[in-house]
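Take a look at the structure set out below.
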Amino acid sequence: MKYLYVIIILSILNMSGCSNDGSENDLKQENEQLKKENAKLLVAKEELEIDLKIANLEASRENDQFTNKVTSLQFENESHKEIINRYQKVFEFPISNNRTIASTLSIFSPDQVKMNNQIADLIVSDVKTEAINDATAYFIKFAGEFEVKGSIIRRGIEYSLIVSENLETMPHTLWQFEKGSIFFDIKNDEELRKSLGDKLDTLPEDGQLDIVGVFKNYSYNEIPESDSFPSYAEFVRLVSEN
């Protein structure tokens, strides 16, 4: 009988051990499963973070594009207003002696100008055309002096003049009229330096010097899709400076 009790007790203990081993295996499997699910969640989290960054970048890019578009439209609107104002001012000019508005404003067409035509107070002294880049380039020279108010700008060791007021004082095209400015290089810098001295030598690259000056021998050059050969004129004398 004593041995029977011992056998029963050992059997119970053995069954208990087997039960514990099963529970441990179940826990291990659950733990491994949780690790796998956690790894999947981490991957999904990283993917969501990447998606969020992409969405933020795209939103920022679209916002920049929208801002640039608004700025561009505002600039175009202001430009159109300036053009409209210039055309409105046209009708303030007295038209007499059967002159056209274009001739009163000294506007000429490069493809129609002829030798000895008078535009403003200048006379056409030479007209040349050349085929460049499947288009026509124009080289038109004017004889005579003209007085303009403009801004001298520095380009390396050269100087140019931007005329943005009273464009009718010199020949210009409809495109220049709509743009609201005439740009030409000053051919004889040495004469300009004699009149302006240190003010010209110390003019910064992004600066400008407003003057009223007399120029001569204006050469209008129009080359399609190129700005390597700009128009130019010779400086004669300084009338005033600001």
Where the only charges are on Cβ atoms (+1 Lys, Arg; -1 Asp, Glu), what is the dipole of segment 138-222 about its Cα centre, to the nearest 20 debye? 140
Histogram of C-alpha separations across segment 162-242, 5 Å bin width, %: 3, 12, 23, 26, 20, 12, 4, 0
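Note down the net charge around N217, summing +1 for each Lys or Arg and -1 for each Asp or Glu among other residues with Cβ under 10 Å from its Cβ.
+1
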HN-Hα J couplings of segment 128-142 from phi, Karplus 6.51/-1.76/1.60, θ = phi - 60°, integer Hz, Gly and Pro as x? 9, 10, 8, 7, 9, 6, 6, 9, 9, 9, 10, 10, 10, 10, 10
Where Lys and Arg each count +1 and Asp and Glu each count -1, what net charge lies around I119 among other residues with Cβ under 13 Å from its Cβ? +1
With labels modelled as points extended 7 Å from the Cα through the Cβ direction, what inter-label distance (nm, one decimal) is found for R99 paired with Q65? 5.1
Taking every pair of Cα atoms in segment 105-241, average 1/r, invert it to obtain the Kirkwood radius, and report Rg/Rh to two decimals. 0.96
So if each residue of separation counts as 0.36 nm, and I subtract the Cα-Cα distance between I157 and S23, what length gain in nm does that give? 39.2 nm
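Bear in mind these aren't lab numbers, they're just calculated from the coordinates by the rules spelled out. These numbers were taken from a predicted model, which means no experiment stands behind them. Virtual Cβ from ideal backbone geometry, glycine too; neighbours counted across all protein chains shown.
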